[in-house]
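Shown next, in structure tokens, is the structure this report addresses.
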There are 2 protein chains.
Amino acid sequence: MSTGGYREIDADDYRVLHPRPAYLVVARKPDGGLNVMAAAWVMPVSEEPPMVVLSLDSESYTSELLSENGELTINVVGEEHLEMVWGAGSVSGRSVDKWSKLGLKPLPSKVIGVPGVKGAYGVLECVVKEKKSVGECVLFICEVKAARVREDLYTRYGWDLRKARILLHCGRRAFTVPGKLLVAGGKRG
Amino acid sequence: MSTGGYREIDADDYRVLHPRPAYLVVARKPDGGLNVMAAAWVMPVSEEPPMVVLSLDSESYTSELLSENGELTINVVGEEHLEMVWGAGSVSGRSVDKWSKLGLKPLPSKVIGVPGVKGAYGVLECVVKEKKSVGECVLFICEVKAARVREDLYTRYGWDLRKARILLHCGRRAFTVPGKLLVAGGKRG
């Protein structure tokens, strides 16, 4: 195995920063219905207050919905939700009622008016605080108002990776899940 | 196994959005030396132009350095770099010359004046375009000027997960790596 050789790739080949978690993002439609999309460009950005950022294509339906009604849930999902994520990510909610088509059930939220997805590993209830255009996308800077996790999957150390098969997106149709646990510094912390 | 029960967690428990890739971020010090830190709050945010966002504690040394010299490399690393990442992430470069202490070797960049880390799986050469405060952190919105990958680890489909053991951070000392490959939609894309 060569470890010396590098080759240049296109600067816009974002897969180099994958795999990363793929989430289901739920937003409210103007008619009161719900839309769901798949998103991997989502991350925590601060703790005080708890904030997350989502980068969405500025022409996406969810981007349009969030600009009207700034409430959303971010749903952490697992291997068993693979086809649901693919279904949510490969068609636009402008043409299809994905929520119904995918057979999703709402998990009522505690603080906001948009529900989570029943069965998701974890649900963050978020409110958009600010938007910022970057290239063809929009950063939605959101405050996390409440968070819930499946009690069978989350411990005081975070996700129990023996049970929580967090879905990670590689590129196009390819996904993966976490493998073995590694502990740095020579001991469990 | 119960799948019905949820419990509330603190809204600032960011581990719910982990595991996600842990990177080595290299920046230039005023004395010409190099500093390295570990960061997991990094993601692509657009393709046209190729942009990434890093969220760093506003009081971190790297945050200070990037505010002075806006060039950095983002280095994708793997399981074999676990202790390097832990070493880079658990002390401040204000008190220790981490670059020397960790025995890092520079991989000269093509476009910017800050090198990558030799042996890293992939290196993105970035320039800070804008900063934005969010909570206790600062978002560094960067353009990707060039990207390289180890030719033994990257295919036309992205990372070869049989060989590229991309390091993912769970929380504190806990890390993981990608496990099996999953393909959505019933066939390879």
**Request:** Take the cross-link list B:Lys118/B:Lys163; A:Lys180/B:Lys29; A:Lys29/A:Lys118 and give me the ones stretching past 25 Å between alpha-carbons.
**Result:** A:Lys180/B:Lys29
**Complete:** With a Förster distance of 30 angstrom and the Cβ-Cβ distance between A:Glu130 and B:Ser100, calculated FRET efficiency to the nearest 0.05 equals 0.15
**Item:** Sites A:Val183 and B:Val183, calculated FRET efficiency, Cβ-Cβ separation with R0 30 Å, nearest 0.05
**Value:** 0.50
**Complete:** Sorted largest first, the Cα spans of the range B:35-78 on the principal axes come out in Å as 29, 27, 16
**Request:** Project the alpha carbons of chain A onto their principal axes and report the range along each, largest first, in whole Å.
**Result:** 56, 41, 35
**Request:** Run through the other copies and list how far each one's label point is from that of B:Gly33, in nm with one decimal, shortest first; the point sits 7 Å from Cα along Cα-Cβ.
**Result:** 6.1
**Request:** Enter the mean number of other protein chain beta carbons within 10 Å of the beta carbon of each residue in A:71-78, as an integer.
**Result:** 1
**Unpartnered cysteines - no second Cys beta carbon under 4.7 Å - across chain A** = A:Cys137, A:Cys170
**Complete:** Expressed in nanometres to one decimal, the distance between label points 7 Å along Cα→Cβ at A:Glu68 and A:Lys163 is 4.0
**Message:** Give me the three principal axis extents of the range A:107-189 from the C-alpha atoms, as integers in angstrom, largest value leading.
**Reply:** 42, 34, 29
**Asked** How fast does the protein assembly as shown diffuse by Stokes-Einstein, in µm²/s, taking the Kirkwood radius from C-alpha pairs at 4 °C and 1.567 mPa s?
**Response** 62
**Request:** Under a cut-off of 18 Å between alpha-carbon atoms, report the lysines in cross-link reach of B:Lys131, not counting same-chain residues fewer than 8 places apart.
**Result:** A:Lys129, A:Lys131, A:Lys132, B:Lys145
**Prompt:** Which whole-number percentage describes the relative contact order of chain B, with Cα contacts under 8 Å and a sequence gap of 6 or more?
**Reply:** 24
**Request:** For B:Glu130, place a label point 7 Å out from Cα along the Cα→Cβ vector, do the same in each other copy, and report the separations in nm, one decimal, smallest first.
**Result:** 1.0
**Message:** Given a Förster distance of 25 Å, report the FRET efficiency between B:Asp31 and B:Glu80 from their Cβ-Cβ distance, rounded to the nearest 0.05.
**Reply:** 0.25
**Asked** Counting only Cβ atoms, what residue of chain B lies nearest to the axis that sends chain B onto chain A, and how many whole Å off?
**Response** B:Gly179, 2
**Request:** Enumerate the calculated ³J(HN,Hα) couplings along the range B:94-101 in order (Karplus 6.51 cos²θ - 1.76 cosθ + 1.60, θ = phi - 60°), each rounded to whole Hz, writing x wherever the residue is Gly or Pro.
**Result:** 5, 9, 9, 7, 5, 4, 6, 4
**Request:** Find the all-direction average of the projected area of the Cα convex hull for the range B:147-189, expressing the result in square nanometres with one decimal place.
**Result:** 4.5
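FYI, it's all coordinate maths here, none of it is from the lab. Just so it is clear, the model here is predicted, and its values are computed rather than measured. When we count neighbours, we look across all protein chains shown, and the Cβ atoms used for this are built from the backbone with ideal geometry, even at glycine.
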